[in-house]
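Every read-out reported here was derived from the displayed coordinates using simple, explicitly stated rules and does not represent laboratory data. Not measured: the values here are computed from a predicted model. Heads up, the Cβs are rebuilt from the backbone with ideal geometry, glycines too, and the neighbour counts pull from every protein chain shown.
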Amino acid sequence: MHTMVFLDAATMGDADLSALQQQNATLVCHSHTLAADIVPRLQHATIAIVNKAELTADILQQLPALKLICVAATGVNNVDLTAAAALGITVCNVRGYADTAVPQHVFALLLQLTNQVQQYHQAVQRGDWQRSRHFCLLDYPVTELAGKCFVVIGYGALGKATAGLAAAFGMQVVIAEQPGAAICREGRVVFNDALAQADVISLHCPLTADTEHLFNRHTFAMVKRGALLLNTARGGLVDAAALLNALQSGQLAGAALDVLQQEPPAADDLLCNSSHPNLIITPHMAWASAEARRRMVQQLAANVQAFISGQPQHKV
């Protein structure tokens, strides 16, 4: 019998975890786990389930019983994969569960930037429309998506699904090659060239040592002036100070983020405290539709069962 510990189960909200409880393992759920409590809580666990709790090399070395880490996400930058491999710990993730939810949120953010929905709603609440001498208000600019260049950075499942929605809006979809790549693959555009023609840039790549602060002041200088930036991937892909400077200078016309480098952000977070009218921040919830969370739990359960059966799946 395995002992399975979910360190940050509250990140699943009200999702039904009963599929996990049906596995051939004892399940212990903790709503939240501080860094200092990770080792004590996993001391006798053979299976750990984590969403964003960090499992460093130092922590993993203190957990001789641990055999499997199930990450309740696609991104695994919170787990030291090198240390896990050296210790013989299998790491698996979940995939494809948010292929509908995340692209939908990308376009919710984009349409807010282009159609100013919240601004017009607030204008009505203030009575601006009621006081108008005309049948409509035109206080905020509205921009059509059709014909605009939509650049995708990271062409995995989420990037592909988002590109499909962009195409449905009549946008010109451009898939950027990895920055610095020696060869540009067929159907892709050199990274710098893609930025230069982008009206909208949507980030879907993983956070690695190579992609941390991929968008910095040098990158923003290469972007077509007046572009929009959307980030539903990882906050560390974007240098916050450089982003704010790009917005203030007009190099970017707007940005919408579902992720920040530190989550939850500090009270004095630079971006959260910005009053820029075209900066939108949502609290890392693009993935979290009720349907997506159900799919995630089902996949976590399948990953655990596959491991117990001796045929681990979705290994990273």
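What to note about this one:
- With the alpha-carbon atoms of segment 137-240 aligned to their principal axes, the span from lowest to highest coordinate is 47, 31, 22 Å, starting with the largest.
- Cross-link partners of LYS315 among lysines, defined as those whose alpha carbon lies under 17 angstrom from its own and excluding same-chain residues fewer than eight positions apart: LYS67.
- A straight line joining the Cα centroids of segment 9-55 and segment 66-119 runs 17 Å.
- Legend: ranking of residues ARG234, ARG41 from fewest to most surrounding C-beta atoms inside 10 Å; resulting order ARG41, ARG234.
- With R₀ fixed at 35 Å, the C-beta to C-beta distance from THR100 to GLN43 puts the FRET efficiency at about 0.35.
- Counting Lys and Arg as +1 and Asp and Glu as -1 over every other residue whose Cβ lies under 13 Å from the Cβ of ALA246, the net charge comes to +2.
- Fraction in percent of alpha-carbon pairs per bin - 10 Å, segment 100-281: 9, 37, 35, 14, 4, 1
- Degrees between helix 157-168 axis and first principal axis of the chain (Cα, 0 to 90, nearest 10): 20
- Neighbours of GLN119 by Cβ distance under 12 Å: Lys/Arg scored +1, Asp/Glu scored -1, total -1.
- Average silhouette area of segment 187-268, convex hull of alpha-carbon atoms, in square nanometres: 5.6
- Across q = 0.13, 0.19 Å⁻¹, segment 223-316 modelled as identical point scatterers on its alpha-carbon atoms has Debye log10 I(q)/I(0) values of -0.59, -0.88, in the order of the q list.
- Charge dipole (Cα centre; +1 on Lys/Arg Cβ, -1 on Asp/Glu Cβ; no other charges) of the chain amounts to roughly 520 debye.
- Here the Kirkwood formula, the inverse mean of 1/r across different C-alpha pairs, assigns the chain a hydrodynamic radius of 21.3 Å.
- Estimated Rh, segment 103-170: Kirkwood, alpha-carbon pairs, angstrom: 13.9
- Across PHE169, PHE135, PHE107, mean-square fluctuation computed from a Gaussian network of the chain (C-alpha pairs under 10 Å connected) peaks at PHE135.
- The chain: most fluctuating residue of ALA98, ALA306, ALA255 per GNM, C-alpha cutoff 10 Å: ALA306
- For segment 267-281 versus segment 219-243, the inter-centroid distance based on Cα atoms is 14 Å.
- Considering only VAL50, VAL223, VAL117, the mean-square fluctuation computed in a Gaussian network model of the chain, springs between alpha carbons under 10 angstrom, is largest for VAL117.
- Charge dipole of segment 126-218 about the Cα centre (unit charges at C-beta), most positive-ward option of VAL200, THR162, GLY127: GLY127
- Using the Cβ of ALA84 as centre and a radius below 11 Å, the other residues enclosed give a net charge of +1, where K and R count +1 and D and E count -1.
- Helix 240-249 and the longest principal axis of the Cα set of the chain meet at an angle near 10°.
- Ranked list, fewest to most other Cβ atoms within 10 Å of each Cβ, for HIS213, HIS44, HIS134, HIS204: HIS134, HIS44, HIS213, HIS204
- Nearest-ten-degree value, helix 290-308 long axis tilted from longest Cα axis of the chain: 30
- Residues HIS314, HIS276, HIS218 arranged by fewest to most Cβ contacts within 10 Å: HIS218, HIS276, HIS314
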